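Undergrad: Mind having a look at this structure? Questions to follow.
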Amino acid sequence: MEEQFISIEDLLLILKRRWKIVALIFLIFIISSLILSFFIIKPKYEASTKFFIGKEDAGGNQDYSANDIIMYQTLMKTYSEIIRTPDILLSSMEKSKIDSTIEKEQNKLTVVAVANTQILEVSYRSLDPNEARDFIYNLTSEFIKVSKEMVPNGNIKVVQKVILPKKPISPNKKMNLLIGGLSGMILGIATIFLMERFDNTIRSKEELEKELGIPTIGTVPLFDK
């Protein structure tokens with residue numbers, strides 16, 4: 001049997017005939033995205049701070065030897081681990097009056113050594129903006145105190161103070177709507193083409209000629225009873 005190809009005209013006819021199905025699935029996804037973004041997913045707030053780790057700038061110039069660079073790279077990794085230790089987290093949780101487990105709070109905490117810099121960035125996400133701010137504030141105090149005890153020669157300076165987050169960082173409502181709309185559109189189009197694939201109904205003389213590969217000789221008109 002000769003393989004049949006669907007032309008652009010056929011695709012447009014399919015879309016025209018079944019556009020209501022595409023529109024329905026599109027609307028379902030858009031409404032679902034709206035409900036999830038505005039009513040189901042709880043907004044999360046992020047508070048953060050940044051630390052500078054390096055030499056004191058006493059004379060206005062900072063000259064680093066190869067050993068200094070290696071030392072501070074090692075310190076960045078060391079400080080990244082220190083700030084996530086259970087003792088520091090537990091103390092910060094108690095001061096912030098957070099009733100949770102250390103494992104859960106570790107998952108909310110992000111510690112990043114910014115590439116090619118001497119900056120250590122620490123952020124924390126919470127459903128409560130005040131809780132996020134308080135936790136980072138207390139974590140900063142505990143971290144500086146413990147790190148000075150463990151590494152007396154190290155130098156840590158806060159270069160970004162903790163502020164109360166005003167806007168939630170998630171969910172991204174616009175992105176959710178965009179993804180929902182595109183997903184609904186793609187699924188809707190895929191659905192109608194799948195329906196068309198298994199639909200053997202002949203709707204016109206042209207479709208019959210195309211299906212059989214021969215011209216029609218005549219047609220029988222419909223009569224009203």
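The values are calculated or read from the model by the stated rules, or taken from the named source; none is laboratory data. None of these values were measured; they are calculated from a predicted model. Every residue, glycine as well, gets a Cβ built from its backbone with ideal geometry; the counts of neighbours run over all protein chains shown. Heavy atoms of the whole protein, side chains included, go into the accessibility calculation; ligands, DNA and RNA do not. Shrake-Rupley method; radii C 1.70, N 1.55, O 1.52, S 1.80 Å.
Undergrad: Residues in the range 156-171: is at least one more than 21 Å from SER48 (Cβ to Cβ) and in contact (Cβ under 8 Å) with a residue 40 or more places away in the chain? Can you show your working first?
TA: So the first thing to find is which residues in the range 156-171 are more than 21 Å from SER48 (Cβ to Cβ), and the list is none.
No, the range 156-171 contains no residue that is more than 21 Å from SER48 (Cβ to Cβ) and in contact (Cβ under 8 Å) with a residue 40 or more places away in the chain.
Undergrad: Return yes or no: is VAL111 open to solvent by less than 50 Å² (accessible area, probe 1.4 Å), more than 25 Å from ILE40 (Cα to Cα) and without any contact (Cβ under 8 Å) to a residue 40 or more places away in the chain?
TA: On the way: open to solvent by less than 50 Å² (accessible area, probe 1.4 Å): yes; more than 25 Å from ILE40 (Cα to Cα): yes; without any contact (Cβ under 8 Å) to a residue 40 or more places away in the chain: yes.
Here the answer is yes, as VAL111 does meet what is asked.
Undergrad: Something else now. Within the range 3-23, how many residues are open to solvent by 100 Å² or more (accessible area, probe 1.4 Å) and aliphatic (A, V, I, L, M)?
TA: So in the range 3-23, the residues open to solvent by 100 Å² or more (accessible area, probe 1.4 Å) come out as 3, 5-6, 8-9, 12, 16, 19-20.
Retained after the next criterion (residues that are aliphatic (A, V, I, L, M)): 6, 8, 12.
Number satisfying all stated conditions: 3.
Undergrad: Continuing with the same structure: Hey, can you tell me all the residues within the range 154-171 that are within 23 Å of THR85 (Cα to Cα), of a type in the set (D, E, K, R) and outside any strand (DSSP E or B)? Step through it out loud before you land on a result.
TA: Quick first cut of the range 154-171, residues within 23 Å of THR85 (Cα to Cα) only: 154-162.
Going one step further and asking which of them are of a type in the set (D, E, K, R), we end up with 157, 161.
Listed by number, the list holds a single entry, LYS161.
For every residue, the table says whether it meets (1) open to solvent by 60 Å² or more (accessible area, probe 1.4 Å); (2) assigned to a loop (DSSP other than H, G, I, E, B); (3) under 30 Å from THR78 (Cα atoms).
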{"position": "PHE135", "(1), (2), (3)": "no, no, yes"}
{"position": "GLU142", "(1), (2), (3)": "no, no, yes"}
{"position": "PRO152", "(1), (2), (3)": "yes, yes, yes"}
{"position": "LYS174", "(1), (2), (3)": "yes, no, no"}
{"position": "ILE179", "(1), (2), (3)": "yes, no, no"}
{"position": "ILE192", "(1), (2), (3)": "no, no, no"}
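Undergrad: Which condition does LEU90 not pass, out of (1) buried (at least 18 other Cβ atoms within 10 Å of the Cβ); (2) modelled with pLDDT of 90 or more, if it passes all the others?
TA: (1)
Undergrad: In the range 115-128, which residues are in contact with a Lys or Arg (Cβ under 8 Å, 6 or more places away or on another chain) and open to solvent by 30 Å² or more (accessible area, probe 1.4 Å)? Walk me through how you get there before you give the answer.
TA: Here is the first cut: in the range 115-128, the residues in contact with a Lys or Arg (Cβ under 8 Å, 6 or more places away or on another chain) are 119-122, 124-127.
ILE119, GLU121, ARG125, LEU127, listed by residue number.
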